[in-house]
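Structure record follows, encoded as structure tokens.
The values are calculated or read from the model by the stated rules, or taken from the named source; none is laboratory data. Given the structure is predicted, the values throughout are model-derived calculations rather than measurements. Heads up, the Cβs are rebuilt from the backbone with ideal geometry, glycines too, and the neighbour counts pull from every protein chain shown.
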Amino acid sequence: MTEYAFTDKFLTINVGDSVVWHNAGSFTHSTTANATDPMTWDYTVAPGANSPAVQFTTAGVYNYICKFHIADNMWGRITVQPIVPEFSSSIVAVTGMLAIAVGLMIAGRRK
């Protein structure tokens, strides 16, 4: 955050990630969650200081403000993406071997 703005106004992260705000300005600011969002936080951050870490455990969109400078349009948005599991090659290989084994059993029944 700087004088009257969050430097990363739109931030995209993954479920499980944490965010820490650093106040690079010369005024005290806050990072305050929107009251209608699924989780809340409210930290005052002095000039040159960092906020405590906020961990996001649920996918969704989270809006936040500086409660001291909302009239100056000081707000931000964090989009938290769900983690999509990647399939490993071993799962694909096992599935392929299972398909071959089932195919051989079906072929054996036809004889």
Self-check item: Subset tally (residues that are in contact with a strand residue (DSSP E or B) (Cβ under 8 Å, 6 or more places away or on another chain) and more than 12 Å from HIS69 (Cα to Cα)) for the stretch 1-29
Solution: 16
Quiz item: If you take the residues in the stretch 1-54 that are assigned to a loop (DSSP other than H, G, I, E, B), touching a residue at least 60 places away in the same chain (Cβ under 8 Å) and not small (Gly, Ala, Ser), which one is surrounded by the fewest Cβ atoms within 10 Å (Cβ to Cβ)?
Solution: LYS9
Quiz item: If you scan the stretch 55-81, which residues turn out to be surrounded by 15 or more Cβ atoms within 10 Å (Cβ to Cβ) and either at pLDDT below 95 or among the small types (Gly, Ala, Ser) (or both)?
Solution: GLY76
Quiz item: Can you pull out the residues in the stretch 55-70 that are within 16 Å of PHE6 (Cα to Cα), assigned to a loop (DSSP other than H, G, I, E, B) and aromatic (Phe, Trp, Tyr)?
Solution: PHE68
